Amino acid sequence: MPEGQTLQVGFETQGETVIVSPQGEIGYSEATVFRTWLRKAHDSKSPRIIVDLAKVDYMNTPGVATLVESLQISKRSKTRLILCGMNEKVFAIFKIARLDTVFEICPNLAAAISKA
Amino acid sequence: MGGAVRKTIVGRPVLRLSTQEESSRGNGMNPVDSMKGAHVRMELLSSPVYTSGARDMVQAVTRRMGFAELDCSQIALAVDEALCNIMRHGYENKPDQPIWVGVWPVDEPGVPGGIRIVIEDVARQIEPEKIKGRELHDVKPGGLGVHVIKEVMDKVTYEKRPGGGMRLTMIKHQKPVPVGGSASDGCEGGKGCHA
């Protein structure tokens, strides 16, 4: 793990869904690692990607930008991207950036998986 | 060095926290006169490794000042965003350039109490009016940091430092605590609270 990075990322395939589960902080340093995992999810060609943020303590705009980039790829490739499990403080940055209505957001992983 | 916290790699301080007393004495290392008198002053190098130190310091100070929990985390976020912008755009990812963070309480008659945070660098200068966030309806990666800073803080001023670099001054006033409430309101059941 590069110096100063605290991010670990889980990657799991359930049927036609890829679940990406980052754990730790997604700041300036970690956004690059996060982007790599999201690219891997897109490369899998799964029709649905769920990003479970339940174990993300902190995110700043480089982390958000990575998800915006992933959303753009999703739109181009007709992949469904769902974010879930955000804590109040992570959700707040999406609200500040007016992105809370741009992303499909679920309260938790179970709700995201059950979404048709 | 008194009560200062100092971490050194290869003989150079990478993260340094000093008290008002030490700041006012001056130590001959810091060229930033405007930081004198800061109640807390931090000096760090422009590596992303150290942004969390500055963020944690600001979060701890604002919490002890009595800001609501969500405000504490958002003020810390504003500092983090400012540092990221300096590192990325000002210093173009060079990890060994200096950044100074100073914190003062806002304690003026007729004005709600609060915090004033000043961040200075010696990075390339740009016209302050050119520093603005992107239009939010244009959904694309990047350009969100300045918007977040301006949204979260009550007053934000960018200016060129005499002699080089930029100075960012951010002020956040405390909201009155509702009757029967507490400063930690806004942190639902501890879920996601950033300790």
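What follows is calculated from the coordinates using simple rules that are stated; it is not laboratory data. The model shown is predicted, which means the values in this text are computed figures rather than measured ones. In this analysis, Cβ positions are derived from the backbone assuming ideal geometry, glycine residues included, and neighbour counts consider all displayed protein chains.
Per residue, the average separation of C-alpha pairs within less than 8 Å and at least 6 apart gives the range A:8-114 a relative contact order of 26 percent. Spatial offset of the range A:70-116 relative to the range A:2-48 amounts to 14 Å, using the alpha carbon center of each.
Residue order for B:HIS39, B:HIS147, fewest other beta carbons within 10 angstrom first, comes to B:HIS39, B:HIS147.
In loop segments of the range A:1-88 as defined by DSSP, the GluC sites (Glu not before Pro) with at most 14 further C-beta atoms inside 10 Å of their C-beta are A:GLU3, A:GLU16. Sparse packing (at most 15 other Cβ atoms within 10 Å of the Cβ) combined with a DSSP loop state is found for the following trypsin sites (Lys or Arg not before Pro) in the range B:23-122: B:LYS36. Each of A:CYS84, B:CYS72 was scored by other Cβ atoms within 10 Å of its Cβ. Listed from fewest to most, they are A:CYS84, B:CYS72. Counting 0.36 nm for each residue step from B:ARG88 to B:GLU159 and taking away their Cα separation leaves a gain of 23.8 nm.
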